[in-house]
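Structure incoming, see below.
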Amino acid sequence: MPTLRFAARSWSETASATAISLGLLAILLSVLSLIFREERLLAAVAATLGTGAIAIEISFVMIGALILIAILYVVGNIIGLF
C-alpha cells in the first residue's frame, strides 16, 4: 500500500509568503481608498506599511544570499580554491 507524503513548509516560508501577501493587500487597499476619495493620510500610511513589509522581506532574502556567499567563500578558501 503506497504511503502519502506531504510537502512540509517551514514556518519561515509561511511567514515570508504571508508578509508579502499582506503587504500587497495594504498597497491595494491604499489605491482603492484613493480611488474612492477617502482620506489621503490613511492611504499613504497603508501604502507605506505595505511597501515596508515587502522591502523587509526582500532584504531578508538578500541577507541570506550574502551569508551563503560568505560561507561558500570561506569553505573555498579553506580547501584552496581561491
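Values quoted throughout were computed directly from the atomic coordinates according to the rules given, and no laboratory measurement underlies them. Here the structure is a predicted model, which is why all the values come from computation and not from measurement. Backbone-built Cβ (ideal geometry, glycine too); neighbour counts: all protein chains shown.
What is the spin-label model distance, in nm, from Val74 to Arg9 if the labels are put 7 Å beyond Cα along the C-beta direction?
3.1 nm
Another question, then. Which distance in nm do the two modelled labels at Ala65 and Leu81 give, with both placed 7 Å along the Cα-to-Cβ direction?
Label at Ala65, label at Leu81, 1.8 nm between them.
Using Cα-Cα distances under 8 Å and only pairs 6 or more residues apart, what relative contact order does the chain have, in percent? The partial results should precede the final answer.
Working: 42 pairs, mean separation 22.1, N = 82.
Result for the chain is 27 percent.
Let me ask you something else. Suppose the chain between Ala55 and Ala17 were pulled fully straight at 0.36 nm per residue; how much longer would it get relative to their current alpha carbon spacing?
12.4 nm
State the volume of the convex hull built on the alpha-carbon positions of the chain, expressed per residue in Å³ and rounded to an integer.
Taking only Cα atoms, the chain has a hull volume of 164 Å³ per residue.
Charges at C-beta only: +1 for Lys and Arg, -1 for Asp and Glu. How large is the resulting dipole of the chain about its Cα centre, in Debye rounded to 20? Write down the numbers at each step before the final one.
Values: 4 positive and 4 negative charges, 29 e Å.
The dipole of the chain has a size of about 140 debye.
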